[in-house]
Amino acid sequence: MSRHFLFLLGSSRPDGNTELLARRAAEQLPADVEQRWLSLAEHPLPDFVDLRRDSDHVHPAAGSNPALLLDATLAATDIVIASPLYWYSVSGLTKRYLDYWSGWLRMPGVDFKARMAGRTLWGVTALAHEEEEVADPLIGTLHHSAAYLGMRFGGVLLGNGSKPGDVLKDTAALAQAKTFFAGEAPLARYPYEKQVTDGARDTQGVAAAR
Ligand SMILES: Cc1cc2nc3c(=O)[nH]c(=O)nc-3n(C[C@H](O)[C@H](O)[C@H](O)COP(=O)(O)O)c2cc1C
């Protein structure tokens, strides 16, 4: 199956460090891999409304930002969340996009969970803090979201920077960017599932409605 990468830019400023780092990594993708780049700031989603207990989520109107993002997500084999570190996790724009996954999971005819299973989630982030472990909540958010949907997880590429352009001075991050998308992307498993072998996944507890 040919690969189609969707890059979702979650910064609230243009041309920031996260995008610069993501573009460095994307330069290494083979020419036959399709790339689509969408800025969540340029395609803002309305506030997410949780309708799970009241009704089904209806399919978004054609031409709307939710429809654009749903269609782009379903068309991708690989989804790259390129979000700066905001308060140790993903940016608000990114979080709202992830919240929409909950609606898409309950949208008749979309079959979101089955269609996302086996696809790959990747992360790219820039942060001002020098110590990368402060980004663990962002990594956990993306990893566990992948696990919930039965997706593969390729990890998170981290770069340091505060002002736009700073990340280009982070030589270690630029070196990691060269091979990031060539890395392993195993099926994501919750920490408590680690004993369970592939193909015998214990989904007990996972089915709690998202
Ligand atoms: C709302 C907000 C929250 C932030 N929170 C953190 C944080 O928790 N940890 C950190 O190291 N940097 C934090 N930063 C700094 C950004 O992660 C940093 O400037 C990064 O380079 C921004 O990426 P961008 O250029 O792609 O927008 C924050 C910046 C903003 C605007």
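Here, each number is a calculation from the coordinates, and none is a lab measurement. Being a predicted model, the structure only gives us computed values, none of them experimental. A quick note on method: Cβ atoms are made from the backbone with ideal geometry, for glycine too, and the neighbour counts reach across all protein chains shown.
Points to keep in mind about this one:
- Qualifying trypsin sites (Lys or Arg not before Pro) in the range 42-119, where qualification requires a DSSP coil assignment and no more than 11 other C-beta atoms within 10 Å, comprise R53.
- Sorted fewest first by neighbouring Cβ atoms within 10 angstrom, M107, M151 come out as M107, M151.
- D (Stokes-Einstein, µm²/s), Kirkwood Cα radius, the chain, 1.306 mPa s at 10 °C: 90
- Exposure proxy order (Cβ contacts within 10 Å, fewest to most) of T120, T18: T120, T18
- Note on D56, D47, D78, D170: ascending count of other Cβ atoms within 10 Å places them as D47, D56, D170, D78, the fewest first.
- The lysines whose alpha-carbon is closer than 23 Å to the alpha-carbon of K113, local same-chain residues fewer than 8 away aside, are K95, K194.
- Reachable aspartates and glutamates from K169, criterion Cα separation under 20 angstrom, eight or more residues apart if same chain: D15, E19, E27, E130, E131, E132, E133
- Loop chymotrypsin sites (Phe, Trp or Tyr not before Pro), the range 49-125, which have at most 14 other Cβ atoms in a 10 Å radius of their Cβ (DSSP): W87, Y88
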